[in-house]
1. Looking at segment 121-128, can you tell me whether even one residue there is aromatic (F, W, Y) and surrounded by fewer than 24 Cβ atoms within 10 Å (Cβ to Cβ)?
2. Just one of D138, D218 is under 29 Å from L10 (Cβ atoms) and among the charged types (D, E, K, R); which is it?
3. Using the structure shown, decide if K84 is more than 26 Å from V196 (Cβ to Cβ) and either assigned to a helix (DSSP H, G or I) or touching a Lys or Arg at 6+ places or on another chain (Cβ under 9 Å) (or both).
4. Give me the pairs: first residue in segment 85-112 and in contact (Cβ under 8 Å) with a residue 60 or more places away in the chain and buried (at least 16 other Cβ atoms within 10 Å of the Cβ), second residue assigned to a strand (DSSP E or B) and of a type in the set (K, R), beta-carbon distance under 8 Å, and six or more apart or on different chains, which are they?
5. For K62, state whether it is of a type in the set (K, R) and part of a helix (DSSP H, G or I).
6. Suppose we keep only residues that are over 14 Å from A63 (Cβ atoms) and part of a strand (DSSP E or B) within segment 1-40. Which one would you say is nearest to the chain's Cα centre (by Cα)?
7. What is the number of the single condition among (1) touching a helix residue (DSSP H, G or I) at 6+ places or on another chain (Cβ under 7 Å); (2) at pLDDT 95 or above; (3) of a type in the set (A, V, I, L, M) that L187 does not meet?
8. What are the pairs with Cβ atoms under 9 angstrom where one residue, in segment 18-40, is in contact (Cβ under 8 Å) with a residue 60 or more places away in the chain and the other, located anywhere, is part of a loop (DSSP other than H, G, I, E, B) and of a type in the set (F, W, Y)? Sequence gap at least six, or different chains.
Amino acid sequence: MSSTKLTQLLHIKYPIIQAPMFLVSNVAMVREAMHAGIAGCIPALNYRTLDELRAAIKDLKKAKVEGGSFGFNLIVNKSNLKYKGQLEVLCEEGCDFIITSLGSPEETINQAHAAGIKVFCDVTDLKFAKKVEALGADAAIAVNNEAGGHRGNLSPEKLIKLLTENLSIPVISAGGVGCKADIEKMLSFGAEGVSVGSPFIASVEAGVTDEYKQACVDYGADDIIMTERISGTPCTVINTPYVQKIGTKATWLENMLNKNRKLKKWVKMVRFSIGMKATEKAAKKATYKTVWVAGPSIEHTKEILPVKAIVSNLVN
């Protein structure tokens, strides 16, 4: 694959970011991603304490190689009570880039740039993309309607072209990439690189159960559905028998309370807390309550492989 603005920004061999995945991403995955010539990213929320986050950064700095790059994802809205502390640690210890999600990245951009850290911002539409560009973002991550987890509403082609025609900063496509042909398609639409998540769930190094990994092998694109039962916001999951049993819609009580402006915020926080505990249990322990987050790109996942082999499949 030829050099792109993303490979130049992060000094990596291939224009690929191993996407940050809640509960899944870890130091081992990112270390192997860097050794394979791509960038790796971990959600800061995967670490319960700031000391654990600091230790992870130090481990990755030791593991960094030429042609590899690492970063962290920050949830930058008020619901993340750990945000300010996480940002402070990242700026103190240093990393190559930060990906922001779900809120205004202004504070993150200002502090990260002062520390020499690049900032990429998740966006799903042109309006927010223009805002983050004006704030000084180094790139926009275009989250399309084929992404896993909380996805956008526009197709990869429509979103990439909309952003590239109206922004001066690089656009990185997120969603719908499971093989080399998918990467080439996103680049042909104008993207400078891709963020790839779901194919790496079924990696040897992923910090989840073998059952979760095997599910990404056994199920395919047609088995991915949207549920409101995790965070209150539609999220993609594998349509397991347990998901079918509990349903995918918010309860009548949640729907009623969500209509109340004062209570809506608290209802979402409670739903998020309950949903995250359920997904963590399914990801980390053997349980019949299988709520596994994934995107349609698991269609191309045929076996559990080391990260390096997954990267090799993507670029070769």
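1. Within segment 121-128, one or more residues are aromatic (F, W, Y) and surrounded by fewer than 24 Cβ atoms within 10 Å (Cβ to Cβ).
2. Result: D138 is the single residue among D138, D218 that is under 29 Å from L10 (Cβ atoms) and among the charged types (D, E, K, R).
3. Against the criterion (more than 26 Å from V196 (Cβ to Cβ) and either assigned to a helix (DSSP H, G or I) or touching a Lys or Arg at 6+ places or on another chain (Cβ under 9 Å) (or both)), K84 qualifies.
4. Between residues of segment 85-112 that are in contact (Cβ under 8 Å) with a residue 60 or more places away in the chain and buried (at least 16 other Cβ atoms within 10 Å of the Cβ) and residues that are assigned to a strand (DSSP E or B) and of a type in the set (K, R), the close pairs are D96/K118; F97/K118.
5. When the stated conditions are applied, K62 passes them.
6. Going through the qualifying residues, I end up with I17.
7. (1)
8. Within 9 Å, the pairs are A36/Y14; G37/Y14; I38/Y14.
The values are calculated or read from the model by the stated rules, or taken from the named source; none is laboratory data. Because the structure is a prediction, the values reported are computed rather than measured. Heads up, the Cβs are rebuilt from the backbone with ideal geometry, glycines too, and the neighbour counts pull from every protein chain shown.
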